[in-house]
Amino acid sequence: MSNGEHLSKQYDHELETLRSRTLQMGGMVEAQVQAAITSYERPDDKVADQVIEGDRAINAQEVELDRDVVNMIVRRQPTAGDLRMIIGVARTTTELERIGDEATKIARAAKWHFEKQRSVRTPRLRDIHTSALAAAGMLRGALDAFARLDSAAAAAIIEEDRGVDQQFQAILRQLITFMMEDPRTISASLDAVWVAKAIERIGDHAKNIAEHVIFVAQGTDVRHASPEEIARAVSSE
């Protein structure tokens with residue numbers, strides 16, 4: 001084997017390792033989201049504490065991956081598809097860290113809810129559960145699309161974000177009704193708004209990851225394109 005071939009194989013291995021570690025971070029974040037939602041729906045104070053504590057590990061993963069991205073750019077001076085992959089990793093890890101922050105917000109709301117439930121009527125909305133399942137599904141789908149660099153799957157995830165946004169608006173209307181009908185629910189309803197908004201933001205970040213997948217796979221920046229424009233761009237490839 002020539003030295004050039006050896007270096008090429010080593011470079012390919014480094015790229016694949018970088019992508020694998022990003023997916024591992026995605027798995028950690030997905031578990032955080034699931035645990036945070038569980039802690040709010042039960043509610044479970046201990047699970048909420050675990051989510052809040054676990055955010056440190058997510059932050060550490062982002063810092064490590066950012067450092068490795070910079071080192072790889074400096075050492076390898078990547079071009080074309082390799083450069084897009086490295087940029088995609090950097091952008092995706094940022095989105096994942098932010099999803100971890102949203103999971104922490106849900107866990108904190110779960111703790112507040114746990115403390116209040118004995119003395120205050122707290123609204124329990126089925127739509128929050130439905131929205132949470134949809135956002136978690138978007139995250140799972142975006143990570144799967146990233147693993148396979150599947151532009152069509154990524155475009156479908158982007159389209160799903162509309163539903164999560166609509167569910168957030170429906171939840172907000174319900175909570176306003178709760179507060180108007182019974183002022184005793186105001187505090188708990190505001191906590192629920194906090195949770196619903198965090199869930200909606202998780203969907204937004206999952207959509208962003210899907211956009212990065214299309215950028216890596218096709219070299220097309222679709223961050224400000226409509227779902228219809230994205231669908232056309234993906235189908236034309």
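The values are calculated or read from the model by the stated rules, or taken from the named source; none is laboratory data. Because the structure is a prediction, the values reported are computed rather than measured. Methodologically, a virtual Cβ is constructed for each residue, glycine included, from the backbone with ideal geometry; neighbour enumeration extends over all protein chains shown.
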Only one of (1) loosely packed, with under 15 Cβ neighbours inside 10 Å; (2) at pLDDT 85 or above; (3) of a type in the set (A, V, I, L, M) does not apply to LEU18, and that is (1)
Checking SER187, SER236 in turn, the sole residue that is touching a residue at least 24 places away in the same chain (Cβ under 8 Å) and surrounded by fewer than 17 Cβ atoms within 10 Å (Cβ to Cβ) turns out to be SER187
Hits in region 192-220 (condition: more than 19 Å from the chain's Cα centre (by Cα) and buried (at least 22 other Cβ atoms within 10 Å of the Cβ)) | ALA192, ALA217
ASP68 passes all but one of the listed conditions (1) free of Cβ contacts under 8 Å to residues at least 24 places away in the same chain; (2) touching a Leu at 6+ places or on another chain (Cβ under 8 Å); the exception is number (1)
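Table: residues versus (1) out of contact with any helix residue (DSSP H, G or I) (no Cβ under 6 Å at 6 or more places or on another chain); (2) on the phi < 0 side of the Ramachandran plot; (3) among the β-branched types (Val, Ile, Thr).
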{"residue": "TYR40", "(1), (2), (3)": "no, yes, no"}
{"residue": "LEU65", "(1), (2), (3)": "no, yes, no"}
{"residue": "ARG75", "(1), (2), (3)": "yes, yes, no"}
{"residue": "ILE99", "(1), (2), (3)": "no, yes, yes"}
{"residue": "GLU102", "(1), (2), (3)": "no, yes, no"}
{"residue": "THR130", "(1), (2), (3)": "yes, yes, yes"}
Taking GLN166 as meeting all but one of (1) under 24 Å from GLU229 (Cα atoms); (2) without any contact (Cβ under 8 Å) to a residue 60 or more places away in the chain; (3) crowded, with 21+ Cβ neighbours inside 10 Å, write down the number of the exception.
-> (3)
Taking LEU149, is it touching a helix residue (DSSP H, G or I) at 6+ places or on another chain (Cβ under 6 Å), aliphatic (A, V, I, L, M) and closer than 15 Å to ALA210 by Cβ?
-> yes
Conditions (1) surrounded by fewer than 20 Cβ atoms within 10 Å (Cβ to Cβ); (2) assigned to a helix (DSSP H, G or I); (3) at pLDDT below 95; (4) not aromatic (Phe, Trp, Tyr): number failed by PRO123 = (2)
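Matching residues to (1) assigned to a helix (DSSP H, G or I); (2) under 17 Å from GLU16 (Cα atoms); (3) under 15 Å from the mean Cα position of the chain (by Cα); (4) not acidic (Asp, Glu):
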{"position": "ARG56", "(1), (2), (3), (4)": "yes, no, no, yes"}
{"position": "GLN61", "(1), (2), (3), (4)": "yes, yes, yes, yes"}
{"position": "VAL69", "(1), (2), (3), (4)": "yes, yes, no, yes"}
{"position": "THR104", "(1), (2), (3), (4)": "yes, no, yes, yes"}
